[in-house]
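Take a look at the structure set out below.
The values are calculated or read from the model by the stated rules, or taken from the named source; none is laboratory data. Since the structure is predicted, the reported quantities are computational estimates derived from the model, not experimental observations. Positions of Cβ are generated from backbone atoms using ideal geometry, with glycine treated the same way; all protein chains shown enter the neighbour counts.
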Amino acid sequence: MPKNPPSEADLCDVVVAKLRAMGWKVVCEIPFFYRRIDIVALHGKRLICVEVKTSFTPRLLHQARSCQITADEVYCAIGSNATHAVKNQLLNTGIGLWQVVGTEIIGHAHSYPRDPDQYFRAKLLAKVASASETTRGGLPCGPESGYLRGIAADVEAFKQENPKATWRQIYEAIKSPYSSSANLYSALRKHDVRERRKEARKNNAI
């Protein structure tokens, strides 16, 4: 049987492994404005962002361009080949292009160093310093995902040890891809409702 194509998480794993092998500090799923940056890497004073998708899309380009305000260099990493038009488009915007093939990375376009906004760059550096290096990039974080269930378990354990903790304190203590305590609370509340409905369906089926 043919193998399933690599997922976004699989592609992130390859990029992360390669960067770490070259001495970079690498963290994933870093909150930035209204979303998360797939991969942020730091080597000395050089700060790069990598947005990952299984194939090139306009959304990928939009995400990568939004990173240019905060990083010295920005790359798109994809699991399929890109057309010459796409490569030229990225060259014109200064965004680099990596193609992940198995466990290797093929560079199709180099990112031109930019002069990012120093305020946003400093904020991203602070998030990199406090982020967990064990978080895997490219995983779904919806209410059905095991990743969110893991966050819910960490929050519950923290609340048991700190019953008077506020949601701001919980947010600061628990590693998550959410950009605020309100977003974390909202996601976990929806997750809890869905889990209760799932359990109710199981009970009714017995």
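Worth a mention:
- Tabulated pairs, segment 88-106, first within 24 Å of GLY138 (Cα to Cα), second of a type in the set (Asp, Glu), C-beta under 7 angstrom, 6+ apart or interchain: GLY96/GLU73
- Of the numbered criteria (1) crowded, with 16+ Cβ neighbours inside 10 Å; (2) over 23 Å from GLY138 (Cβ atoms), the one ALA85 fails is (1).
- Segment 1-34, residues that are free of Cβ contacts under 8 Å to residues at least 40 places away in the same chain, in the same structural domain as GLY107 (by TED's automatic domain parsing) and of a type in the set (D, E, K, R): ARG20
- Residue count, segment 178-206 (criterion: among the aliphatic types (A, V, I, L, M) and touching a Leu at 6+ places or on another chain (Cβ under 8 Å)): 2
- Residue list for segment 82-98, filter: assigned to a loop (DSSP other than H, G, I, E, B) and within 16 Å of THR54 (Cα to Cα): ALA82, THR83
- Identity of the residue in segment 126-156, modelled with pLDDT of 85 or more and in a helix (DSSP H, G or I), that ends up surrounded by the most Cβ atoms within 10 Å (Cβ to Cβ): VAL155
Conditions (1) among the aromatic types (Phe, Trp, Tyr); (2) at positive phi; (3) in the same structural domain as ARG20 (by TED's automatic domain parsing); (4) touching a helix residue (DSSP H, G or I) at 6+ places or on another chain (Cβ under 6 Å), marked per residue:
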{"residue": "VAL40", "(1), (2), (3), (4)": "no, no, yes, yes"}
{"residue": "GLY44", "(1), (2), (3), (4)": "no, yes, yes, no"}
{"residue": "VAL52", "(1), (2), (3), (4)": "no, no, yes, yes"}
{"residue": "SER66", "(1), (2), (3), (4)": "no, no, yes, no"}
{"residue": "ALA77", "(1), (2), (3), (4)": "no, no, yes, yes"}
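- Residues of segment 28-43 that are out of contact with any Phe, Trp or Tyr (no Cβ under 7 Å at 6 or more places or on another chain) and modelled with pLDDT of 95 or more: ILE39, VAL40.
- Only listed residue being under 18 Å from HIS110 (Cβ atoms) and of a type in the set (Gly, Ala, Ser), chosen from ALA21, ALA9, ALA82: ALA82
- Any hit, segment 164-177, residues being surrounded by 15 or more Cβ atoms within 10 Å (Cβ to Cβ), touching a Leu at 6+ places or on another chain (Cβ under 6 Å) and assigned to a strand (DSSP E or B): no
- Segment 44-80, residues that are among the acidic types (Asp, Glu) and over 11 Å from TRP98 (Cβ atoms): ASP72, GLU73
- Residue match in segment 5-14 (condition: more than 16 Å from the chain's Cα centre (by Cα), farther than 15 Å from THR70 by Cα and either surrounded by 17 or more Cβ atoms within 10 Å (Cβ to Cβ) or modelled with pLDDT under 95 (or both)): yes
- When LYS123 is tested against the conditions (1) farther than 25 Å from ASP192 by Cβ; (2) of a type in the set (Lys, Arg); (3) part of a loop (DSSP other than H, G, I, E, B), the lone failure is (3).
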